[in-house]
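Just below is one structure, and these are the notes that go with it.
The values are calculated or read from the model by the stated rules, or taken from the named source; none is laboratory data. Because the structure is predicted, anything quoted here is derived from the model rather than measured. A quick note on method: Cβ atoms are made from the backbone with ideal geometry, for glycine too, and the neighbour counts reach across all protein chains shown. These area figures cover heavy atoms from the full protein model, side chains too; ligands, DNA and RNA do not enter into them. Shrake-Rupley method; radii C 1.70, N 1.55, O 1.52, S 1.80 Å.
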Amino acid sequence: MTTPHTPTIPELEEQERRLTLPHFTYDDAWDLGAVLVRLARERNAPVAIDITRAGQQLFHAALPGSTPDNDAWIARKRRVVERYAASSLLVGTRFRAKGTTFEESSRLDPDTYAAHGGAFPITVEGVGVIGTVVVSGLPQLEDHAMVVRALEHFV
């Protein structure tokens, strides 16, 4: 897989609008997780995958080549989505568009928060953000692209 292009802020915002779901159940979490595992296995991606809703982990998978460090990255990226109600890549991109970085200007501990691509909000129509889906183990644009691709298959 070639490295995806760097999406613009409007492109990232459009992804979030387009990938709003009509509902999100326990079974939906399992199905979305299965799509992500299939996509990761197709390319032998050494990733960890996490789906959380309202603070409860509904799905987690660690594929060959992933490490406990990926779980730490998942937690840090997930916290960005929970705080900003936007994808971790969008949050980081917004800071860079202002001529700074998330680490320099957010006033948040970088050991706790990471505005790197791979965490995406699970948004339900008429409700808002109810959870996160996160991939960690590839370069940030590829992590983000894998999540978007899975959501596109899932929607």
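Here ILE49 meets the list (1) in contact with a strand residue (DSSP E or B) (Cβ under 7 Å, 6 or more places away or on another chain); (2) assigned to a helix (DSSP H, G or I) almost entirely, failing just condition (2). The number of residues in the stretch 80-94 that are farther than 13 Å from GLU16 by Cβ and buried (at least 18 other Cβ atoms within 10 Å of the Cβ) comes to 2. More than 27 Å from ASP27 (Cβ to Cβ), at pLDDT 95 or above and crowded, with 21+ Cβ neighbours inside 10 Å, is that true of ALA145? It is false that ALA145 is more than 27 Å from ASP27 (Cβ to Cβ), at pLDDT 95 or above and crowded, with 21+ Cβ neighbours inside 10 Å.
Of all the residues that make up the stretch 66-117, how many are touching a strand residue (DSSP E or B) at 6+ places or on another chain (Cβ under 6 Å) and hydroxyl-bearing (Ser, Thr, Tyr)? Residues flagged as touching a strand residue (DSSP E or B) at 6+ places or on another chain (Cβ under 6 Å) and hydroxyl-bearing (Ser, Thr, Tyr) within the stretch 66-117 amount to 3. Applying a threshold of 8 Å to beta carbon distances and a minimum spacing of six or more residues, or different chains, the list of pairs starting in the stretch 9-24 at a residue that is over 18 Å from ARG96 (Cβ atoms) and in contact (Cβ under 8 Å) with a residue 12 or more places away in the chain and ending at one that is open to solvent by less than 30 Å² (accessible area, probe 1.4 Å) and charged (D, E, K, R) reads LEU21/ASP28. Condition check: part of a loop (DSSP other than H, G, I, E, B), closer than 23 Å to VAL129 by Cα, open to solvent by 30 Å² or more (accessible area, probe 1.4 Å) and not aromatic (Phe, Trp, Tyr). Does HIS23 satisfy that? Here the answer is yes, as HIS23 does meet what is asked. Give the residues of the stretch 63-96 that are hydrophobic (A, V, I, L, M, F, W, C) and within 18 Å of ILE9 (Cα to Cα), sorted by residue number. Passing the criteria: VAL80, VAL81, ALA85, ALA86, LEU89, LEU90, VAL91, PHE95. May I ask you to verify whether GLU103 is in contact (Cβ under 8 Å) with a residue 40 or more places away in the chain, part of a helix (DSSP H, G or I) and not β-branched (Val, Ile, Thr)? In short, no.
On inspection, ALA48 qualifies as within 18 Å of LEU141 (Cβ to Cβ), open to solvent by less than 70 Å² (accessible area, probe 1.4 Å) and either modelled with pLDDT under 95 or not acidic (Asp, Glu) (or both).
Condition check: out of contact with any helix residue (DSSP H, G or I) (no Cβ under 7 Å at 6 or more places or on another chain) and at pLDDT 95 or above. Does GLN15 satisfy that? No, not satisfied.
Restricting attention to the stretch 123-142, and to residues there that are β-branched (Val, Ile, Thr) and over 9 Å from the mean Cα position of the chain (by Cα), which single residue is most open to solvent (accessible area, probe 1.4 Å)? Selected residue: VAL127. For ASP71, the stated conditions do not hold, so it cannot be described as within 15 Å of VAL134 (Cα to Cα), over 14 Å from the mean Cα position of the chain (by Cα) and at pLDDT 95 or above. Among the residues of the stretch 56-76, the ones that are touching a residue at least 60 places away in the same chain (Cβ under 8 Å) and either open to solvent by less than 40 Å² (accessible area, probe 1.4 Å) or touching a Cys at 6+ places or on another chain (Cβ under 9 Å) (or both) come to 5 in all.
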